[in-house]
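Worksheet: one structure, shown below.
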Amino acid sequence: MIDADGYRLNVGIVLCNDDGRVFWARRVGMRSWQFPQGGIKLNEAPEAAMYRELYEEVGLKRHDVQLIGRTRDWLHYDLPERYIRKHSFPLCIGQKQLWYILRLSGDESRIRLDHSDRPEFDAWCWVDYWHPVSDVVYFKRQVYRQALTELGNYLAFGKVSVSPTGSLSAGQKT
């Protein structure tokens, strides 16, 4: 779905483990890494889209995770000019995303990148909470920073607490 302003409605997923590290995945056949994300279908609720994308891209079901929080508002990023498909209708100029933060509550062996007919990712790892901001493709960095800053307010579980400024709480594991 693309809104009247040209933004594709989308959900982003930050999956954490009990150590406060986040799931980081490599796009199939590429050197680029990102969080799981995907489009919202017509008449689909954002939370339903998030669980569908989680299952399609990571192989996890609702019972494998705990929903911790969501961004209050939509976050936007614009596509660089060279990525805009000028001859498509409706024209998509970027993404409009709601971001969710989840905690893996099941065993990580349940993560399956080959669950769908067309996998999005071919590798994954756990990384430090703020690592994705500097590692994701440049045009997504501001949205990642915004999402992680806001969602970090929800992280006060396990061994790591991330403050809204991005610093780890004193005495916590890095």
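The values are calculated or read from the model by the stated rules, or taken from the named source; none is laboratory data. Everything numeric here is computed off the predicted structure, so don't read it as measured data. As a convention, Cβ positions derive from the backbone with ideal geometry for all residues, glycine included, and neighbour counts pool all protein chains shown. Side chains included, ligands, DNA and RNA excluded: accessible areas come from the protein's heavy atoms. Shrake-Rupley method; radii C 1.70, N 1.55, O 1.52, S 1.80 Å.
Key figures
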| read-out | value |
| --- | --- |
| Linear extension gain, ALA4 paired with TYR55, 0.36 nm per residue minus alpha-carbon span | 15.5 nm |
| Dipole magnitude (debye, nearest 20) for the chain, charges at Cβ of Lys, Arg, Asp, Glu | 220 debye |
| Total formal charge among the other residues, if their Cβ is under 13 angstrom from that of GLY106, Lys/Arg +1 and Asp/Glu -1 | +1 |
| Calculated Rg/Rh (Cα atoms, Kirkwood Rh) (choose from (1) 1.02; (2) 0.96; (3) 0.93), label | (2) |
| Where labels lie 7 Å past Cα in the beta-carbon direction, separation of VAL137 and ARG110 in nm | 3.1 nm |
| Exposure of TYR77 as accessible area (Å², to 10), given a probe of 1.4 Å and all protein chains | 10 Å² |
| Of all accessible heavy-atom area on the chain, the percent that carbon and sulfur account for (1.4 Å) | 49 percent |
| Fully extended contour minus Cα-Cα distance, from LEU67 to ASP19, at 0.36 nm per residue | 15.7 nm |
| Separation in nanometres of the label points that stand 7 Å from Cα toward Cβ, at ASP122 and LYS41 | 2.8 nm |
| Among ASN43, ASN17, ASN153, residue whose mean-square fluctuation peaks in a GNM of the chain (springs only between Cα atoms under 10 Å) | ASN43 |
| Accessible solvent surface per residue of the chain, calculated while the other protein chains remain in place, 1.4 angstrom probe, Å² | 53 Å² |
| Candidates per trypsin sites (Lys or Arg not before Pro) in the range 1-58, loop by DSSP, up to 15 other Cβ within 10 Å | ARG31, LYS41 |
